[in-house]
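**Student:** Take this structure first; my questions come after.
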Amino acid sequence: MSKSYAKQTIVNHISYIEFYHPSHNSLPGEILQNLVELIKNAGENEDVRVIVLQSGGDRTFCAGASFTELVNISDKASGMAFFSGFAELINAMRTCPKFIVGRIQGKTVGGGLGIVAACDYCLATKYAEVKLSELNIGIGPFVIGPVVERKIGLSLLSQISLNPKKFYSALWAERHGLYSEVFENILELDKAVKTFAEDLCLYNPEAMYEMKKSFWRGTDHWDRLLKDQAKISGRLVLSSFTKNKLSEFK
């Protein structure tokens, strides 16, 4: 695969939403916006009862923000606009009336971990290590911080944020609530995801909707909060420290 995409396939009341980018499934603004639209559409589609969010390929689930777009940010407005893409996606997942099941086949970095944490239920392979790398380039996990903290708590968020070069194992992620179960390989993962999603389709949609609202209680202010956090990231990405770091990686 050489071209990036975000697409939806509906099978037996399950919406499979998949994204792909040749650069380790990183997320440029266009894919972020496409994912927002697909999730909103699936949430409004009466034929859809459950959403499975997945990425293409068999290695990295998501490398986070697009490096190319980060390098090209030149002012605060464009910086805020880029990071707001992650805010909009997390909020779309949060307010979607359908449960979102994450299929995590490989490593997840930075903003990708925010997507994992915004899923209502995640299944992963043993290769699905996680890392918050933002501090390494002079910014921080401001936009995704609230959703990751909601899953693992402030202490563990601090731990992984302050170790931006370290990958934490899939078993670590399972132990701390990011993953519900970890499998040996993709074949086992896909079988489990299919079974779990099909089982959810058998339950009362109204009950599941009320449960989802209950699970996300106390986050109604996130529309504004995550935008404010995006403003911080948009400012820091312009700092001389971050520009120098990005030029090193480039």
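The values are calculated or read from the model by the stated rules, or taken from the named source; none is laboratory data. These figures come from a predicted structure and were not determined experimentally. Positions of Cβ are backbone-derived with ideal geometry, glycine not excepted, and every protein chain shown enters the neighbour counts.
**Student:** Does the stretch 98-108 hold any residues that are in contact with an Asp or Glu (Cβ under 9 Å, 6 or more places away or on another chain) and among the hydrophobic types (A, V, I, L, M, F, W, C), and which are they?
**Tutor:** The answer is 99, 100, 101.
**Student:** A further question follows. Please give the number of the condition residue 149 fails out of (1) of a type outside the set (Phe, Trp, Tyr); (2) in contact (Cβ under 8 Å) with a residue 12 or more places away in the chain; (3) surrounded by 14 or more Cβ atoms within 10 Å (Cβ to Cβ).
**Tutor:** All conditions pass for residue 149, except number (2).
**Student:** Can you work out which of the residues in the stretch 221-243 that are without any contact (Cβ under 8 Å) to a residue 60 or more places away in the chain and assigned to a helix (DSSP H, G or I) is farthest from residue 67 (Cα to Cα)? Walk me through how you get there before you give the answer.
**Tutor:** In the first step, residues of the stretch 221-243 are kept if they are without any contact (Cβ under 8 Å) to a residue 60 or more places away in the chain; the result is 221, 224, 228, 240, 243.
Imposing the further condition that a residue be assigned to a helix (DSSP H, G or I) reduces the set to 224, 228, 240, 243.
Working: 224: 26, 228: 22, 240: 17, 243: 12 Å.
Here the residue is 224.
**Student:** Another question, then. Looking at 113, 123, 135, can you tell me which residue is farther than 23 Å from residue 237 by Cβ, aliphatic (A, V, I, L, M) and modelled with pLDDT of 95 or more?
**Tutor:** Working: 113 fails: farther than 23 Å from residue 237 by Cβ; 135 fails: farther than 23 Å from residue 237 by Cβ.
Residue meeting the stated conditions: 123.
**Student:** Counting just the residues of the stretch 203-250 that are among the aliphatic types (A, V, I, L, M) and either within 24 Å of residue 92 (Cα to Cα) or in contact with a His (Cβ under 9 Å, 6 or more places away or on another chain) (or both), which one comes out surrounded by the most Cβ atoms within 10 Å (Cβ to Cβ)? First the steps, then the outcome.
**Tutor:** Applying the first criterion (among the aliphatic types (A, V, I, L, M)) to the stretch 203-250 yields 207-208, 211, 225-226, 230, 232, 236-238, 246.
Right, trim to either within 24 Å of residue 92 (Cα to Cα) or in contact with a His (Cβ under 9 Å, 6 or more places away or on another chain) (or both) and you get 207-208, 211, 225-226, 230, 232.
Values: 207: 9, 208: 18, 211: 14, 225: 17, 226: 27, 230: 22, 232: 16.
The qualifying residue surrounded by the most Cβ atoms within 10 Å (Cβ to Cβ) is 226.
**Student:** State the number of residues belonging to the stretch 128-138 that are β-branched (Val, Ile, Thr) and not in a helix (DSSP H, G or I).
**Tutor:** From the stretch 128-138, those β-branched (Val, Ile, Thr) are 130, 137; that's our starting set.
Now restrict to residues that are not in a helix (DSSP H, G or I): 130.
Residues in the stretch 128-138 being β-branched (Val, Ile, Thr) and not in a helix (DSSP H, G or I): 1 in total.
**Student:** Let me ask you something else. Could you tell me how many of the residues in the stretch 130-166 are of a type in the set (Gly, Ala, Ser) and touching a Pro at 6+ places or on another chain (Cβ under 6 Å)? Give the steps one after another, and end with the answer.
**Tutor:** To start, the set of residues in the stretch 130-166 that are of a type in the set (Gly, Ala, Ser) comprises 133, 138, 140, 145, 153, 155, 158, 161.
Add one more test, that the residue is touching a Pro at 6+ places or on another chain (Cβ under 6 Å), and what stays is 133, 161.
Final tally of qualifying residues: 2.
**Student:** Just checking, which of 164, 141 is in contact (Cβ under 8 Å) with a residue 24 or more places away in the chain, surrounded by fewer than 21 Cβ atoms within 10 Å (Cβ to Cβ) and not in a helix (DSSP H, G or I)? Working first, answer last.
**Tutor:** Details: 141 fails: surrounded by fewer than 21 Cβ atoms within 10 Å (Cβ to Cβ).
Of the residues listed, the single one that is in contact (Cβ under 8 Å) with a residue 24 or more places away in the chain, surrounded by fewer than 21 Cβ atoms within 10 Å (Cβ to Cβ) and not in a helix (DSSP H, G or I) is 164.
**Student:** How many of the residues making up the stretch 174-191 are under 13 Å from residue 105 (Cα atoms) and in a helix (DSSP H, G or I)? Before the answer, list the steps.
**Tutor:** Within the stretch 174-191, the first condition is being under 13 Å from residue 105 (Cα atoms), and the residues that meet it are 179, 181-191.
Then drop every residue that is not in a helix (DSSP H, G or I), which leaves 186-191.
Within the stretch 174-191, residues that are under 13 Å from residue 105 (Cα atoms) and in a helix (DSSP H, G or I) number 6.
**Student:** Among strands (runs of 3 or more DSSP E) lying entirely in the stretch 3-115, which contain 1 or more residues that are buried (at least 20 other Cβ atoms within 10 Å of the Cβ) and among the polar types (S, T, N, Q)?
**Tutor:** Values: elements: 5-11, 14-20, 50-55, 99-104.
Once the strands (runs of 3 or more DSSP E) in the stretch 3-115 are filtered for at least 1 residues that are buried (at least 20 other Cβ atoms within 10 Å of the Cβ) and among the polar types (S, T, N, Q), what remains is 14-20, 50-55.
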